[in-house]
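Structure record follows, encoded as structure tokens.
FYI, it's all coordinate maths here, none of it is from the lab. All of these numbers come straight from a predicted model, not from anything done at the bench. Virtual Cβ from ideal backbone geometry, glycine too; neighbours counted across all protein chains shown.
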Amino acid sequence: MIEVEGLTKKYGEITAVENVSFRVNKGEIVGFLGPNGAGKTTTMRIITGFLPATKGNVSVSGYDVFKDGMKAKKKIGYLPEHPPLYTDMRVEDYLRFVAKIKGVPKNQRNNAISRVIDKCGLSDVGNHIIHKLSKGYKQRVGLAQAMVHDPEVLILDEPTIGLDPKQIIEIRQLIKSLAGDHTIILSTHILPEVSMICQRVLIIDQGRIVADDSLEKLTAAMSLENVFMKLTTEDIQ
């Protein structure tokens, strides 16, 4: 479903990602875990086609992200760290606009919008102006726009950052409910996020993959302190 091979990204003399390789199978939820600045967001942006790689290969649903970018993007729903919202629009109008630009056929848009509004718990705010919503609801709208064209793959970059504890629980439950219907990569620097949502974890540090396994196997092989020794105390609270 997602195949990354030898991915490297350099900014001048700085190497942000170096020789990263991994595979995500259909229906999996995989946590992409690492401290801030480890290369998570850069990797996510390359997979989604928003950023070119220095070298390496990426394919999504069989499409090469660099050679068949438009076809690959149709298979991907992307929630960046800061959701791409037009905050002066009403929720339903915004989702209708996104559905149009993502190529959802006109005769299917009402059903697509109703589906994501229901799935993301937005029924009570569909007619609300986005800038008046709480951050938690804005995050839900961001997730809805990523899902409105019913993509096979969801790329979620720090989906709970800045939310209060209640909102964090709600968003985590929502993401977990998507397992099976979508293949998901969830980028985070928060250990509980991975343990509560994900079936497998990739750990990245200084641009390199340092572990790839189920959380249970990783923690059985060594202590959490060793597995996540590169993460700060704040990150694993």
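The figures follow:
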| read-out | value |
| --- | --- |
| Under Karplus coefficients 6.51, -1.76 and 1.60, residue-wise ³J(HN,Hα) of segment 31-44 in Hz, glycine/proline x | x, 10, 10, x, x, 4, x, 7, x, 5, 5, 4, 4, 4 |
| Exposure rule at most 14 other beta-carbon atoms within 10 Å, DSSP loop GluC sites (Glu not before Pro): the chain longest free segment | 14-233 |
| Unit charges on C-beta of K, R, D, E only; dipole of segment 76-187, Debye | 280 debye |
| Under 16 Å from K176, Cα to Cα: lysines that are on another chain or at least 8 residues apart | K26, K119, K166 |
| All aspartates and glutamates inside 12 Å of K135 as judged from Cα atoms, apart from same-chain residues fewer than 8 positions distant | D164 |
| Value at 222 nm in deg cm²/dmol, rounded to 500, when DSSP H runs of n ≥ 4 in the chain each add -39,500 (n - 2.57) | -9500 deg cm²/dmol |
| Cβ-placed point charges (K, R +1; D, E -1), dipole of segment 13-64 about Cα centre in debye, nearest 20 | 120 debye |
| Spin-label model distance (nm) - E216 vs R90, 7 Å beyond Cα toward Cβ | 4.8 nm |
| Alpha-carbon centroid distance for the pair segment 191-220 / segment 1-23, whole angstrom | 18 Å |
| Local electrostatic count at I161 - Lys and Arg +1, Asp and Glu -1, tallied over other residues with Cβ under 11 Å | -3 |
| Cα gyration tensor shape for segment 76-187, rounded if a/c is under 1.5, else prolate or oblate | oblate |
| Residues Y63, Y78 arranged by fewest to most Cβ contacts within 10 Å | Y63, Y78 |
| Amide proton proximity set for I209, modelled H, under 5 Å, gap of 5+ | S21 |
| Cα lying deepest toward the dipole's positive end in segment 76-187, options L79, I185, Q145, charges on Cβ | Q145 |
| Of T43, L215, H128, farthest towards positive along the dipole that unit charges on Lys, Arg, Asp, Glu beta carbons give the chain | H128 |
| Dipole magnitude of the chain about its Cα centre (Cβ charges: Lys, Arg +1; Asp, Glu -1), debye to nearest 20 | 920 debye |
| Estimated D of the chain in µm² per second, where Rh is the Kirkwood radius over Cα pairs and Stokes-Einstein applies at 37 °C, 0.692 mPa s | 180 µm²/s |
